[in-house]
Structures are given as C-alpha cells and as structure tokens.
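Report on one structure; see the data block that follows.
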Amino acid sequence: MSNEIVTQYIDGLPCRTSEPFDFSFLKEYGRVFKVFDNQDSGCICYGVSDGEHRYFIKFAGVKTMRHHQHSHIPDAVDRIKAAVPKYIDMAHPLLIRLIEAKEVGGGYISVFDWFDGESFSVEIPQLHEKYSALPKDKKVSIYERILQFHEYAAKCGYVAVDFNDYSTLYNFDTGEVKICDIDFYAKQPYINGLGKSLGDWMLMSPEEQRIAGVLDEATNVYRMGATAFMLFSNYDRSPEAWQLSPESYTVVTKAVSDAKSDRQQSITQLIEEWEKFLQIRH
C-alpha cells in the first residue's frame with residue numbers, strides 16, 4: 001500500500017512527506033539549500049546556510065515519504081536522540097562535528113557542520129565510477145583515514161555497526177575525508193539480537209549474521225578488512241581482482257577470516273600489518 005505524498009516548498013525547494021508539516025523552525029539556521037527527503041531512517045535531512053556557515057540538519061518528528069518502511073515517529077526520535085552521545089564520545093577530526101541537538105517542532109534535530117563531499121556507493125553508479133577512476137594512492141589515503149578513525153572509535157569502546165559505503169564522504173577536489181554516520185555504533189561487546197545486524201551484508205562478519213553473536217574488536221577488524229575489498233576490488237575477494245600488492249591482499253584476507261581467532265585482534269594490529277606490507281603497484 002502506497003502513501004499519499006505531500007509536497008511542500010521550503011525556501012523554494014520541494015520537500016516530500018506523508019503529511020503536511022510546519023518546518024518553520026529551520027529558519028533559525030538560515031536558508032535551506034538542499035533537501036534529503038527520500039531517506040529510510042525515519043528522518044528528513046537538510047543543508048542550511050545562514051550566509052556565513054552551512055549546516056547539515058537531521059530531523060525526526062514527521063511522517064516521511066517512506067514512513068511505512070520503518071517504525072513510528074517516536075522510534076525515529078529515540079534513534080536520533082540515542083545517536084547524539086556517540087558523536088560526543090567519538091568526536092574526532094575525521095568525524096562530522098555535532099554542533100547541537102534539541103527538541104524542536106514536536107520532534108528532535110541534530111545539527112552538524114556541513115561537509116562538501118560525496119559517498120562512493122555502488123548503488124549510485126556515477127559516484128562509484130568517479131571513485132573507481134581515482135589513482136590508487138588516493139584510494140589508499142581514503143582507506144587509511146577510515147582505519148584511523150576506527151582505531152580511535154575502538155579505543156572509545158565502540159563496534160562499527162552499520163558502517164557502509166554511505167558512511168564516508170570524500171571531497172574529490174580537496175581530497176578531504178569525513179565519516180558521516182555512526183548512529184548505530186554500539187559499545188562493545190554488543191550482543192546481536194537481530195539474527196542479522198544492520199547494514200551492508202557484504203561487510204558483515206559471521207557473528208553479525210547470527211542471533212546472540214558477540215560483536216567486539218575482532219568484528220571491527222572484519223568490517224575494516226571487508227571495507228578494503230569494497231574499495232580496492234569492488235567487493236570481489238579473489239586475488240585476481242585485488243588492485244594492490246599480494247602482501248596487502250594477505251593482510252586483508254586475514255582480517256576477514258570467519259574465525260575471530262584467525263583475524264588481527266585489533267584495528268591497531270591491522271594498521272601495523274597494512275603499513276608493513278603495503279606496496280602500491282604502479
């Protein structure tokens with residue numbers, strides 16, 4: 001059963017929801033220049049500028065155009081509230097900066113610095129092709145910054161639940177990288193109660209795909225190894241598809257071992273082995 005779509009205009013831009021709603025609270029932050037209304041998170045997101053600063057604003061509290069795909073508004077509000085302490089705990093130069101979070105408009109918003117970047121999701125062919133065309137050394141730099149942030153997240157005690165190809169933004173002009181979504185990261189050890197954890201199944205460890213699986217630092221290692229295959233061979237784990245050296249292939253293959261005991265035991269160990277054996281083919 002499809003929802004009736006209501007289209008409203010905010011500063012001249014269409015915003016689609018499943019009910020009329022008063023978004024006037026956004027004026028506190030300036031003029032809306034971007035609307036992200038086709039989200040599956042239960043939130044609507046906006047790019048807003050006050051003339052000096054630009055913000056990324058996430059709002060839960062309205063029936064989105066896809067509200068039938070997830071739970072009620074209170075659940076979306078609870079999720080956005082629960083994410084706020086994580087952005088505080090894991091504050092880092094590579095993570096988008098949380099500015100404030102508060103109740104507003106009958107719901108809840110979190111406000112971040114805006115970052116000019118694009119994901120390299122395989123679901124967006126033009127962006128994936130753009131990423132694929134990057135030189136190997138730039139891809140290596142992206143991956144190493146992803147590792148750097150997750151080494152820090154692990155030291156903060158978190159497991160990277162739902163890290164995927166949308167979670168990293170890359171500025172193709174400046175080479176800057178930001179992690180933009182840690183909403184479902186969880187304190188480790190985390191017991192998987194879903195039978196299948198959240199996110200891209202191609203990045204999931206075996207323990208993320210069974211009920212009562214224990215997600216911990218070895219799970220972080222697996223996800224970072226799987227991320228390497230995402231970035232350097234389009235998820236293909238065969239040696240023929242791997243774009244870097246055989247030695248680096250051995251490192252990430254170890255990281256995605258089914259048995260936790262066969263993996264590197266920390267992100268720090270994975271980084272050490274990666275740096276030791278990386279030899280970029282020219």
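Points worth noting:
- When every residue of segment 75-89 is checked against the conditions, none turns out to be open to solvent by 40 Å² or more (accessible area, probe 1.4 Å), in a loop (DSSP other than H, G, I, E, B), farther than 13 Å from Ile109 by Cβ and of a type outside the set (S, T, N, Q).
- Single residue of segment 241-271 satisfying the filter (of a type in the set (D, E, K, R) and in contact with a Ser or Thr (Cβ under 9 Å, 6 or more places away or on another chain)) that is farthest from Asn220 (Cα to Cα): Asp258
- Across segment 169-194, the qualifying residues are those that are open to solvent by 20 Å² or more (accessible area, probe 1.4 Å) and among the aliphatic types (A, V, I, L, M), and the one among them that is modelled with the highest pLDDT is Leu169.
- Here Ser233, Ser261, Ser197 are screened, and the one residue that is among the hydroxyl-bearing types (Ser, Thr, Tyr) and modelled with pLDDT of 95 or more is Ser261.
- Selected residue (only one of Lys136, Lys155 is touching a Lys or Arg at 6+ places or on another chain (Cβ under 9 Å) and open to solvent by 40 Å² or more (accessible area, probe 1.4 Å)): Lys136
- Single residue of segment 103-128 satisfying the filter (among the β-branched types (Val, Ile, Thr) and either at pLDDT 90 or above or not in a loop (DSSP other than H, G, I, E, B) (or both)) that is most open to solvent (accessible area, probe 1.4 Å): Val104
- Selection within segment 129-151 - of a type in the set (A, V, I, L, M, F, W, C) and not in a helix (DSSP H, G or I): Ala133, Leu134
- Helices (runs of 4 or more DSSP H) fully within segment 168-282 counting 3 or more residues that are within 22 Å of Lys86 (Cα to Cα) and in contact with a strand residue (DSSP E or B) (Cβ under 7 Å, 6 or more places away or on another chain): none
- Close pairs from segment 10-27: first closer than 19 Å to Val111 by Cα and surrounded by 13 or more Cβ atoms within 10 Å (Cβ to Cβ), partner charged (D, E, K, R) and at pLDDT 95 or above, Cβ under 8 Å, at least 6 apart: Asp11/Arg31
- Tally, over segment 40-52, of residues that are under 25 Å from Asp162 (Cβ atoms) and open to solvent by 60 Å² or more (accessible area, probe 1.4 Å): 1
- Condition met for Gln209 (under 23 Å from the mean Cα position of the chain (by Cα) and either among the hydroxyl-bearing types (Ser, Thr, Tyr) or more than 25 Å from Pro93 (Cα to Cα) (or both)): yes
- Out of Glu273, Glu247, sole residue that is over 22 Å from Phe149 (Cα atoms), open to solvent by 10 Å² or more (accessible area, probe 1.4 Å), in contact with a helix residue (DSSP H, G or I) (Cβ under 8 Å, 6 or more places away or on another chain) and acidic (Asp, Glu): Glu247
- Qualifying positions in segment 53-74 - open to solvent by 10 Å² or more (accessible area, probe 1.4 Å) and modelled with pLDDT of 95 or more: His53, Arg54, Tyr55, Phe56, Lys58
- Residue list for segment 250-261, filter: under 21 Å from Tyr158 (Cα atoms) and either among the polar types (S, T, N, Q) or open to solvent by 50 Å² or more (accessible area, probe 1.4 Å) (or both): Ser257, Asp258, Lys260, Ser261
- Of Tyr166, Tyr131, all but one fail to be surrounded by 19 or more Cβ atoms within 10 Å (Cβ to Cβ), at pLDDT below 95 and not acidic (Asp, Glu); the exception is Tyr131.
The values are calculated or read from the model by the stated rules, or taken from the named source; none is laboratory data. In this text, all values refer to a predicted model and were calculated from it rather than measured experimentally. Virtual Cβ from ideal backbone geometry, glycine too; neighbours counted across all protein chains shown. For accessibility, only protein heavy atoms count, side chains too; no ligands or nucleic acids. Shrake-Rupley method; radii C 1.70, N 1.55, O 1.52, S 1.80 Å.
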